[in-house]
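Working notes, beginning with the structure itself.
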Amino acid sequence: MSRILLSCGEASGDLYAGALVDALRRREPGVEVFGLGGDQFAKSGGRLVADYHRLSVTGLTEALSVVPRSLRTLRLLLDTAKKERPDAAVLIDFPDFNFRLMHRLRKRGIPVVYYISPQLWAWRSGRIKLMKRGATRVLPIFPFEEAIYQRQQIDVRFVGHPLIDLAKPQLSRDAFLKKLNLDPSKPVLALLPGSRTNELSRLAPVIVQAIPMIAARVPGVQFVVARAPNLDDGLYEGFGLSGVTIRIVNTQTDDVLNACDAVITASGTATVQTALYGKPMVVIYKLSPMTYRLGIHLAKVDKYAMVNLIAGDRIVVELIQDACTPDAVATEAVRLLSDDGYRRRMISDLEEVKRQLGGPGASDRAAEAVLDVVHSTHAS
């Protein structure tokens, strides 16, 4: 029976971990997967050694606040690996933590498959040397990443994006809006303010201040907030506005995106998820001033939204740091809802982004690549 240690550290990674465990178990029903994850990982049959919640933050300075907890979790995973001797480890994104884990696992002779490889091409590109020393195999999800690893003679397999299979609404647009007591004939603006506490604490106030401005300029507009799991209720209190039609829904991002006409979204995986639904969007982001000043010098790209990086062009507006103001957010949201020509051009560009993400079956291809490493270990 194969034994695999897995480590993921945020909501998107947990989603991909759950899909990967499902795919592994379809191929090898007796496979045992354990490690760092969350609800989706556990739901699919993974055994939680540690929960990633309260480890996930954005930004260089923000990461300092979770260092003690991170080190305790790292020791726990390494102790578990020593005790249970996995055949391989699968690390999903979350590089600040997983790079440390990767090198310690390799020193113990445990092969490492890095799935959802970190954005080395965007910033801190020198980390590819660390990847070469630590990873047995890398499984990127964006097509342009494969050549980057090939140039470094790293074993790489492009598997495609798992969201292609996972982005599926549970209800039709009309049924979902009816459930929320919203009018399908009126415009719907989705609000995706982030999945981490520090992210939401900076973006929610900006969106909340933009909402009345949007409502004043778009007659009948309805707002739906897609709430991320395991975040404090207090982070969403600001959305309890009077005089506007607004709903907050839990863990139903796919239904929200399927039902909406446009989106205000935090940068990150949510932009790809929005692109898969072909919905026009404005991408917003704010970090602490110190993190931003440090990060801007390390960045190797002039675009930050994932959809823009995939497209190789600025196809959606990015409102980053000082540009992320309520007035700017409102102005762009109104344009997304009101300018038909602008909407059509963006939707067409997003279709091309979707095409580049590969076809269905990413989790299955990743599972095959992981088990290939596992079985190679058994053979040796």
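Checking Ser185 against (1) within 29 Å of Thr331 (Cα to Cα); (2) in contact with a Phe, Trp or Tyr (Cβ under 9 Å, 6 or more places away or on another chain), which test does it fail? It is condition (2) that Ser185 fails. Within region 68-94, the set of residues being touching a helix residue (DSSP H, G or I) at 6+ places or on another chain (Cβ under 8 Å) and either crowded, with 21+ Cβ neighbours inside 10 Å or over 19 Å from Gly13 (Cα atoms) (or both) comprises Thr73, Leu77, Leu78, Ala81, Asp87, Ala88, Ala89, Val90, Leu91, Ile92, Asp93, Phe94. If you filter region 229-267 down to residues that are touching a residue at least 40 places away in the same chain (Cβ under 8 Å), farther than 20 Å from Val208 by Cβ and out of contact with any Leu (no Cβ under 9 Å at 6 or more places or on another chain), you find that the one that is surrounded by the fewest Cβ atoms within 10 Å (Cβ to Cβ) is Pro229. Considering region 147-256, the qualifying strands (runs of 3 or more DSSP E), each wholly inside and each with 2 or more residues that are touching an Asp or Glu at 6+ places or on another chain (Cβ under 8 Å) and at pLDDT 95 or above, run over 188-192.
Within region 50-89, the set of residues being among the hydroxyl-bearing types (Ser, Thr, Tyr) and either closer than 18 Å to His103 by Cα or modelled with pLDDT of 85 or more (or both) comprises Tyr52, Ser70, Thr73, Thr80. Going by what's in this entry, would Glu28 be described as closer than 21 Å to Val370 by Cα, modelled with pLDDT of 95 or more and in contact with a Phe, Trp or Tyr (Cβ under 8 Å, 6 or more places away or on another chain)? In short, no. Total residues in region 322-380 satisfying the condition of being in a helix (DSSP H, G or I), among the polar types (S, T, N, Q) and surrounded by 13 or more Cβ atoms within 10 Å (Cβ to Cβ): the figure is 6.
The values are calculated or read from the model by the stated rules, or taken from the named source; none is laboratory data. All figures in this text were calculated on a predicted structure; none of them were measured in a lab. Here the Cβ is made from the backbone with ideal geometry for all residues, glycine too, and neighbour counts use every protein chain on show.
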